[in-house]
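The values are calculated or read from the model by the stated rules, or taken from the named source; none is laboratory data. No experiment lies behind these values; they were computed from the predicted model shown. A quick note on method: Cβ atoms are made from the backbone with ideal geometry, for glycine too, and the neighbour counts reach across all protein chains shown.
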Amino acid sequence: NANIGHAVLIIGQTKDSVIDFDKQKTRELEYGNETVSYIDYTDIFKKFVVQDDNMPPYRLIDLSYPAEHYERINKNFLDCQISSVVAPLHKKIYLEADKAKDTALAIVIDSDFGFHFKEKFIFRFYLASSRSFKYHISSLPDLDETIKNDIVLSTMPKFIWCGEFYEKEGFVSDKAVGLIILDATEA
């Protein structure tokens, strides 16, 4: 509705314990003469946790129908759509998300440094502080101790882009088969 302007704060997202990967949108990567399809985690449907000053806290919304909770309160909101998103970042983050993501995928298909993942692998890409990322790595009970120590003890910039690669079977249990870390503080 063009007459309504409203803002909500997205503070989280749901994580499904069961995902039907066969029904997910796929993208393609070119490995030389071969094309491999993969699933980008951003394409997997999920609901988002929002703080909306007109509603009780911690509402779950579907981004394609963000005003569904207004049905009984104000019918004018019903056909509202998201027109823009603001994602404030720390002033030290210079590498933009789309460029970082493209770089991570370019590394994967590189003939010298890349790795040939199985068909329909899952690619999850996110921004993290190196401190929170290292804490996450240190708390993984099944990760090999040598790999864990190599990551936790390595020097990293304050912010990093993380590209995680999963086979379908290991995604829900958080068992990545590949990891790319990029410096988010360099352009």
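Computed quantities for the displayed model
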read-out	value
Condition check for Leu140: hydrophobic (A, V, I, L, M, F, W, C) and either under 20 Å from the mean Cα position of the chain (by Cα) or under 26 Å from Lys25 (Cα atoms) (or both)	yes
Residue list for region 106-151, restricted to those being assigned to a helix (DSSP H, G or I), touching a residue at least 12 places away in the same chain (Cβ under 8 Å) and hydrophobic (A, V, I, L, M, F, W, C)	Ile107, Val108, Ile109, Phe133, Ile137, Ile151
Condition broken by Gln24, with the remaining ones in (1) touching a residue at least 40 places away in the same chain (Cβ under 8 Å); (2) polar (S, T, N, Q); (3) touching a helix residue (DSSP H, G or I) at 6+ places or on another chain (Cβ under 9 Å) satisfied	(1)
Sole residue being surrounded by 12 or more Cβ atoms within 10 Å (Cβ to Cβ), small (Gly, Ala, Ser), under 16 Å from the mean Cα position of the chain (by Cα) and under 23 Å from Thr35 (Cβ atoms), chosen from Ala128, Ala97, Ala104	Ala104
Residue in region 108-117 that is at pLDDT 90 or above, farther than 19 Å from Asp43 by Cα and surrounded by 12 or more Cβ atoms within 10 Å (Cβ to Cβ) present	yes
Condition check for Lys120: among the charged types (D, E, K, R), under 25 Å from Glu167 (Cβ atoms) and in contact with a Phe, Trp or Tyr (Cβ under 8 Å, 6 or more places away or on another chain)	yes
Within region 24-53, considering residues that are part of a loop (DSSP other than H, G, I, E, B) and polar (S, T, N, Q), the one modelled with the lowest pLDDT	Asn33
Subset of region 54-77 [out of contact with any strand residue (DSSP E or B) (no Cβ under 9 Å at 6 or more places or on another chain) and in a loop (DSSP other than H, G, I, E, B)]	Asn54, Met55, Pro56, Ser64, Glu71, Arg72, Ile73, Asn74
Matching residues in region 1-41 - criterion: being surrounded by 12 or more Cβ atoms within 10 Å (Cβ to Cβ), among the hydroxyl-bearing types (Ser, Thr, Tyr) and closer than 18 Å to Ser64 by Cα	Tyr41
Residue check for Ala2: at pLDDT below 85 and not in a strand (DSSP E or B)	yes
Candidate set from region 85-128 (those that are among the small types (Gly, Ala, Ser) and touching a helix residue (DSSP H, G or I) at 6+ places or on another chain (Cβ under 9 Å)); member that is farthest from Val172 (Cα to Cα)	Ala87
Residues (outside any loop (DSSP other than H, G, I, E, B) and either in contact (Cβ under 8 Å) with a residue 60 or more places away in the chain or over 14 Å from the mean Cα position of the chain (by Cα) (or both)) located in region 152-180	Val152, Phe159, Trp161, Gly163, Lys168, Glu169, Gly170, Phe171, Gly178, Ile180
Test result for Lys15, without any contact (Cβ under 8 Å) to a residue 60 or more places away in the chain, part of a loop (DSSP other than H, G, I, E, B), under 30 Å from Leu105 (Cβ atoms) and touching a strand residue (DSSP E or B) at 6+ places or on another chain (Cβ under 7 Å)	no
